[in-house]
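The values are calculated or read from the model by the stated rules, or taken from the named source; none is laboratory data. Note that the coordinates shown come from a computational prediction; the quantities given were computed from them, not determined experimentally. Every residue, glycine among them, receives a Cβ derived from its backbone with ideal geometry; neighbour counts consider all protein chains shown.
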Amino acid sequence: MAAPPEKTVRDINGSWLLNKALSGSTEKLMALQGVSWLMRKAILLAEITICIDQHGSGPDTTIILENKANFGIKATTETRKLDWVTAYHKDSIWGEVYGRSKFVSAAEVSQDATLMGLFQHFEMEVQDIVYSEAGATSGTWNSQMVWAFETISETRYFVRNTRVSKAADEEFARIVYDYLQ
C-alpha cells in the first residue's frame, strides 16, 4: 500500500512491510556484514515487517524499530536517537554494532558530497531525510543509510537506500516498504 502523503521522515510511525518486488537484493550486503549463508537465505525468504515508534522532535527524536520476520527468525529491536551521537548494541543477526543517526534537510544534503553521492547512485530527488551510519564494532564493515520517501511507478513508498562496505568491496540496495498502518 502507498505511504500516506502525511508521512514524512519526521513521522514514520506505523507498520511497514518489505516490498521484495521493488527492493534490490540485500544478499550481498548481508554477506559483507558477515551474516551466515543460512541466515541470509532465511531472511531472503521471510516476510519482514518493521514496526516504527517515533517520538520527540529535532535531535531529541527517538525512533524504535522492531524488525519482525516469519520462519522463526528472532525479532530484533533497534533504538535510534537522531542526535548524531554514536550508540552501541548487540544484535542477534549483526552482532556487536554501533550506529548514529540524524535528520538532514534538503539544503544540507546538497552541501554534503557523501550524501549527494548516495542520492545520485539511487537517482533520488533531494529532500529531507534521516541519515544513519552503522557498522561492526570490530571495524570489519560499515554502512550508510538514507531514509526517505520516493515515488516509484506513481506510488509513494518509504525507502531505506543502503550502502555497505568492507575493505575495498561495497554493495548498494534500495529497500522499499509498503505502508500497513
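Results, tabulated for the structure shown:
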| item | result |
| --- | --- |
| Members of the range 59-108 found to be without any contact (Cβ under 8 Å) to a residue 24 or more places away in the chain and hydroxyl-bearing (Ser, Thr, Tyr), listed by number | THR62, THR76, THR77, THR79, THR86, SER92, SER105 |
| Whichever residue in the range 138-153 is at pLDDT below 95 and in a loop (DSSP other than H, G, I, E, B) and, among such residues, is nearest to ILE50 (Cα to Cα) | SER153 |
| Members of the range 10-36 that are among the hydrophobic types (A, V, I, L, M, F, W, C) and in a strand (DSSP E or B) | TRP16, LEU17, LEU18 |
| Output for the range 82-112, where each listed residue is crowded, with 18+ Cβ neighbours inside 10 Å and either of a type in the set (D, E, K, R) or not in a strand (DSSP E or B) (or both) | LEU82, ILE93, TRP94, LYS102, VAL109 |
| Of all residues in the range 113-135 being under 23 Å from MET30 (Cα atoms) and touching a residue at least 40 places away in the same chain (Cβ under 8 Å), the one that is surrounded by the fewest Cβ atoms within 10 Å (Cβ to Cβ) | HIS121 |
| Output for the range 112-150, where each listed residue is under 17 Å from the mean Cα position of the chain (by Cα), over 18 Å from LYS166 (Cα atoms) and among the polar types (S, T, N, Q) | GLN127 |
